[in-house]
Amino acid sequence: MIMRNRTVRVELGARSYAIIIGEGLTARLAECLPFSLAGRAAFILTDDNAGRYHAQALKEALMSVGAASVETLALPPGEKTKSFPYLEQTLSWLLGHRIDRQSVLFTLGGGVIGDLGGLAAALAMRGIPFVQVPTTLLAQVDSSVGGKTGINTSQGKNLVGAFYQPVAVLCSLDMLKTLPRREILAGYAEVVKYGLLGDLEFFEWLEAKGRDVCALEPESLGHAVETSCRMKADIVARDEREQEVRALLNLGHTFGHALEAAAEFDGRLLHGEAVAIGTALAFRLSVRRGHCPPEVADRVEAHFRAMNLPVDIRDIQPRLTVGADELLALMEHDKKAEQGRLVFILVNGIGQAFVARDVLLEDVRAVLQQSMGMNRK
Ligand SMILES: NC(=O)c1ccc[n+]([C@@H]2O[C@H](COP(=O)([O-])OP(=O)(O)OC[C@H]3O[C@@H](n4cnc5c(N)ncnc54)[C@H](O)[C@@H]3O)[C@@H](O)[C@H]2O)c1
Ligand SMILES: [Zn+2]
């Protein structure tokens, strides 16, 4: 079956761009880009996993549309790659090939490569054009869209970075076929997040079709990626630099980041898994504060469970050794904490998220303890 391309525009004035969603996009590269590649030097930044399966096809496609040269750099996979040493390596690689402002960087990989490569593109020659070619579900629905780029430091995640928009995002759905099942499910948690924060109808559709999405059935997958990108594009167009509405995209993330930090990024908890637990906790906290009825939180948890995603802190294996107070301390460290009070994205119901700036520590502690299996209701 030939599927039509779906296109979502990110409207940012002179920096507007298209997200193109479809199958086999590398073979149709020329149609997808806002300018001709003829005579330009092209660079592919990837990691060993994404590169093994998809770099050769992209390279051939770039040659066939007339790129003057194509260089590839494959970095080790994993979050540790989003760091100063690999940023330096990437910049040295680009500059060593004598790039100019016509050169184009293609980031072929998940959020790690997209975030790192985007920052390198922003910095090299004070900015060269870059194209996101996301190869994980998480990257296709979230990290490749919106221009947040960055690396981690010893002080925390994403603390060094820039807002720098790509010139195009190519979501080639077929590239997800090589992605491990666990990574697909983790990305799916971010898809669910969009329904939960602003679109009840989409969440209801996911309750019915989530299995098809995660089985990579093309029509359902395409719809899920398009709807997610449309919501993110809309929010980014209204608030590129996260002054207000963009914060809603952090639903589940204050809890999630603390859990990730507590798990020390050792592979027992993927980002999307942390977001699934964090989102369930955000609903529980909303119930506790009287914003929404408990049945709503039950319904959200039921969907995550049905999709084989974790919803409670005690689901993490091997178990976290930290307690509720240590998790609270990690949340206060999170850059989203404002003047001692915890800022959370809470909900009045499915699809109705809002920013709460006055959340009491004791409410958060109670919700954490319950999810750890202490203080059961
Ligand atoms: N910039 C943003 O707005 C934003 C938003 C959300 C997340 N992020 C960042 O994204 C990162 C997480 O992204 P991710 O979940 O894509 O992780 P990732 O980039 O580490 O990819 C996950 C794993 O899948 C492998 N992989 C990638 N594509 C593959 C493919 N097609 N086939 C087989 N294996 C493949 C990778 O090598 C890696 O092992 C985090 O660093 C997070 O901070 C950024
Ligand atoms: Zn996320």
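For segment 1-147, the pair-distance distribution built from all alpha carbon pairs, in bins 5 Å wide starting at 0, is 2, 9, 20, 24, 23, 15, 6, 1, 0 percent. Between the helical axis of 111-123 and the longest alpha-carbon principal axis of the chain there is an angle of about 60 degrees. State, as an integer percentage, the relative contact order of the chain based on alpha-carbon contacts under 8 Å between residues 6 or more apart. Relative CO of the chain lands at 14 percent.
Computed extension gain for Arg181 through Glu326, at 0.36 nm per residue and net of the alpha carbon distance, reaches 49.1 nm.
What number, rounded to the nearest 500 deg cm²/dmol, is the helix-based mean residue ellipticity at 222 nm of the chain, given -39500 (n - 2.57) per DSSP H run of at least four residues and division by all its residues? Estimated from H runs of four or more residues: -14000 deg cm²/dmol. Computing Rg and the Kirkwood Rh from the Cα coordinates of the chain gives a ratio, Rg/Rh, of 0.97. For segment 142-192, the dipole from Cβ point charges (+1 on Lys and Arg, -1 on Asp and Glu) about the Cα centre works out to 120 debye, to the nearest 20. Taking Cα centre as origin and charging only the Cβ of basic (Lys, Arg, +1) and acidic (Asp, Glu, -1) residues, the dipole magnitude of segment 1-142 rounds to 300 debye.
Helix 324-333 sits at what angle to the longest principal axis of the chain, using alpha carbons and giving 0 to 90 degrees rounded to 10? That helix lies at roughly 40 degrees to the long axis. Along the positive direction of the dipole of segment 45-152 (beta-carbon charges: Lys, Arg +1; Asp, Glu -1; about the Cα centre), which of Gln132, Gly118, Gln102 reaches farthest? So the residue furthest toward the plus end is Gln102.
Measuring nothing but how far apart in sequence close Cα pairs (under 8 Å, 6+ apart) lie, relative to its length, segment 185-318 scores a relative contact order of 27 percent. With the convex hull of its Cα atoms as the shape, segment 65-115 has an orientation-averaged projected area of 4.0 nm².
A DSSP coil position with no more than 12 other Cβ atoms inside 10 Å describes the following GluC sites (Glu not before Pro) in segment 234-297: Glu244, Glu264.
DSSP beta bridges fully contained in the chain are about 40 percent antiparallel.
With the Kirkwood sum run over all distinct C-alpha pairs, segment 238-377 has a hydrodynamic radius of 15.0 Å. If I model segment 14-69 as equal point scatterers sitting on the Cα atoms and use the Debye formula, what is log10 I(q)/I(0) at q = 0.31 Å⁻¹? Cα-only, vacuum Debye calculation for segment 14-69: -1.26.
Here the label points at Gln102 and Ala68, each 7 Å from Cα along the C-beta direction, are separated by 0.5 nm in the simple model. Length, then width, then depth: along the principal axes, the Cα atoms of segment 178-271 run 36, 35, 22 Å.
Computed from Cα atoms, the angle from the helix 294-306 axis to the main principal axis of the chain rounds to 50 degrees. Pairs of Lys residues in segment 140-241 that lie 8 or more places apart, or on two chains, and have C-alpha atoms under 25 angstrom apart add up to 11. Please name which of His333, Ala282, Pro318 has its Cα lying farthest along the dipole of segment 266-348 towards the positive end, using unit charges on Cβ (Lys, Arg +1; Asp, Glu -1) and the Cα centre as origin. Of His333, Ala282, Pro318, it is Ala282.
When the chain is described by a simple charge dipole with +1 on each Lys and Arg Cβ and -1 on each Asp and Glu Cβ, the residue from Pro34, Ala247, Gly51 located farthest towards its positive end is Pro34. Ranked by solvent-accessible area (1.4 Å probe, protein heavy atoms only, all chains present), the residues Arg9, Arg126 order from largest to smallest as Arg126, Arg9. Computed from point charges on the beta carbon alone (+1 for Lys and Arg, -1 for Asp and Glu), the dipole magnitude for the chain about its Cα centre is near 340 Debye.
The values are calculated or read from the model by the stated rules, or taken from the named source; none is laboratory data. A quick note: this is a predicted structure, and the numbers were derived from the prediction, not measured. When we count neighbours, we look across all protein chains shown, and the Cβ atoms used for this are built from the backbone with ideal geometry, even at glycine. To get the accessible areas, we keep the full protein, side chains included, count just its heavy atoms, and leave off ligands, DNA and RNA. Shrake-Rupley method; radii C 1.70, N 1.55, O 1.52, S 1.80 Å.
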